[in-house]
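In what follows, a single structure is set out as structure tokens and then discussed.
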Amino acid sequence: MALAQSSHIQAGLGGWPGAGMQFVHIQARSIYSLEVLASVDTELWKERTPVYVSAGVGAALRPLGILRVIGQANYSYDLYLGVRFGPALTFLHEQTRAEKNRQFSLFLDPFLRYTRPVGQQTAFIEIGSQRPSLRIGLWIPLD
């Protein structure tokens, strides 16, 4: 079981700052995961509501996975320490020329994720530096 490999879609809602959604395809391995993400969020309370769209790739280390492989742990939860990076776009209604020139950016998102089985599903909570910074939701198995 410690050497199991799995594939999931992480689907969740995010907040702070703004509110949004995040979808991540995760290839989980024994001690690491490979990830591809897409996210959208906005700040509805601003006068000219911005919409932020990003996509990226990343990886995460599973410290408890290392303990599972050497046979020292059998935790029902898991921790991930990772980083993602990629392009991001900002869209505003009636953009000025200067705002159009700053529409594209690159992001670097170090993150910490906690996962735990809840009934038949796996739930997660994640905090990172990329918008939306606080994310919660479910893992949907693809295997």
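The values are calculated or read from the model by the stated rules, or taken from the named source; none is laboratory data. Keep in mind that what you see is a predicted model, and the values were worked out from it rather than measured. FYI the Cβ positions are ideal-geometry reconstructions off the backbone, even for glycines, and counts take in every protein chain you see. Heavy atoms of the whole protein, side chains included, go into the accessibility calculation; ligands, DNA and RNA do not. Shrake-Rupley method; radii C 1.70, N 1.55, O 1.52, S 1.80 Å.
General remarks:
- Rg/Rh (Cα only; Kirkwood hydrodynamic radius) as it applies to the stretch 41-103: 1.31
- For Val83, solvent-accessible area (1.4 Å; no DNA, RNA or ligand), Å²: 60
- Of the chymotrypsin sites (Phe, Trp or Tyr not before Pro) found in the stretch 42-90, the ones in coil according to DSSP and having at most 16 other Cβ atoms within 10 Å of their Cβ are Trp45, Tyr75, Tyr77.
- Solvent-accessible area of Val53 with every protein chain in place, 1.4 Å probe, in Å² to the nearest 10: 50
- Those trypsin sites (Lys or Arg not before Pro) in the stretch 1-101 that DSSP places in a loop and that have at most 12 other beta carbons within 10 Å: Lys46, Arg48
- Applying a DSSP loop filter and a limit of 10 other Cβ atoms within 10 Å to the GluC sites (Glu not before Pro) in the stretch 5-78 leaves Glu47.
- Magnitude of the charge dipole, the chain, Cβ model with Lys/Arg +1 and Asp/Glu -1, debye to 20: 180
- Solvent-accessible area per residue for the chain (1.4 angstrom probe, square angstrom): 59
- Selected from Ile70, Ile127, Ile26 as most flexible by GNM, with the chain as the system and alpha-carbon contacts under 10 Å: Ile70
- When Trp139, Trp16 are compared by accessible surface with a 1.4 Å probe, the order from highest to lowest is Trp16, Trp139.
- Candidates Thr49, Thr96, Thr122, ranked by Gaussian network fluctuation over the chain, Cα under 10 Å, top entry: Thr96
- Computed from the Kirkwood radius of its Cα pairs, the Stokes-Einstein diffusion coefficient for the stretch 101-143 at 4 °C and 1.567 mPa s stands at 106 µm²/s.
- Judged by the ratio a/c of the largest to the smallest principal axis of the C-alpha gyration tensor, the stretch 75-120 counts as prolate, that ratio being 1.5 or greater while a/b is larger than b/c.
- Taking only the C-alpha atoms of the chain, the Rg (one decimal) and the largest Cα-Cα distance, Dmax (whole number), read 16.9, 59 Å.
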